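Worksheet: the structure to be examined is printed underneath.
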Amino acid sequence: MAKQDEQSMAAARVYGHSMLALAQRKNRAQDLLEELRDLMALLKREPRLRTFFDSPMVDTETRRAMIERTFRHRASDLLVDSLLVLNRHGRIDLIEDVVEVFRTAFQARRGHVDAHVTSAVPLDEAQRRRLKAAIKAVDGREPDLVEAIDPELLGGLVVRVGDRKIDTSVAKDLRTVRARLAERAAREILADRAA
């Protein structure tokens, strides 16, 4: 199964990068990214459409006709033709991965990076500006904040940029204190037994 996942991701990378290269040649990369985001939102709202895309029971020609009928003249030819290529090659089920590859490659070419930020409460604009400046100072790229709320953090932030994770949360501090207290208690118990 892992080999299948690796092959699928490799295919998604090929299609995502190819779509980006074509869109950039036509000066339409930003427009296509917005359309792809809209498509992902549509697939989330319409699970039957997602099932139709994924189903091995639907033949390529039926899916092609549906893509033409549903998207042609409502979306750019670039998007519709990309969907048709994925369908023709039996890879339309990879659309979410292809979109993510496209998005991150487009972002990287612009010198941007995702910064996943989890906080106990929503950040205000001043906090966002300071956080972006701090991340840019450390990473060198312009961060695009992807925010999440986790009330269990109690306070502070958990920031992940690529493989780097910075945890300044109160919950982490409490875990550290708890671990130190447990370690100290264990040492004291062992000392009492030795005496």
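Derivation of every value follows stated rules applied to the coordinates shown; laboratory data play no part. Bear in mind that the values here come from a model prediction, so they are computed numbers and not experimental data. Cβ coordinates were reconstructed from backbone atoms using ideal geometry, including for glycine residues, and neighbour counts include every protein chain displayed.
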Notebook entry, point to check: Given the C-alpha centroids of the range 39-61 and the range 82-136, what is the distance between them in whole angstrom?
Noted result: 22
Check: Gain in length, Arg88 to Ala10, computed as 0.36 nm per residue apart minus the alpha-carbon separation, to one decimal in nm?
Finding: 26.3 nm
Next item on the list: Would you work out the relative contact order for the range 2-108, in percent, from Cα pairs under 8 angstrom that are 6 or more residues apart?
Entry: 47
Check: Which percent of Cα-Cα pairs in the range 2-108 sits in each 5 Å bin, short to long?
Finding: 2, 12, 24, 26, 21, 11, 3, 0
Item checked: Loop trypsin sites (Lys or Arg not before Pro), the range 76-122, which have at most 10 other Cβ atoms in a 10 Å radius of their Cβ (DSSP) -> none
Notebook entry, point to check: Please state the relative contact order of the chain as a whole percent: Cα pairs under 8 Å, 6+ residues apart?
Noted result: 18
Item checked: Label-point gap, in nm, between Lys26 and Val121 - each point 7 angstrom along Cα→Cβ -> 4.7
Notebook entry, point to check: How big is the convex hull of the Cα atoms of the chain, per residue, in Å³?
Noted result: 201
Note to self: Placing unit charges on C-beta atoms (Lys and Arg positive, Asp and Glu negative, everything else neutral), compute the dipole magnitude of the range 21-133 about its Cα centre in debye, rounded to 20.
What the structure shows: 340
Next item on the list: Would you mind working out the magnitude of the charge dipole of the chain relative to its Cα centre, with +1 at each Lys and Arg C-beta and -1 at each Asp and Glu C-beta, to the nearest 20 Debye?
Entry: 360
Notebook entry, point to check: What residues qualify as long-range amide H neighbours of Ala115, i.e. H under 5 Å apart, gap of 5 or more or another chain, H built at 1.01 Å from N?
Noted result: Asp144, Leu145, Val146
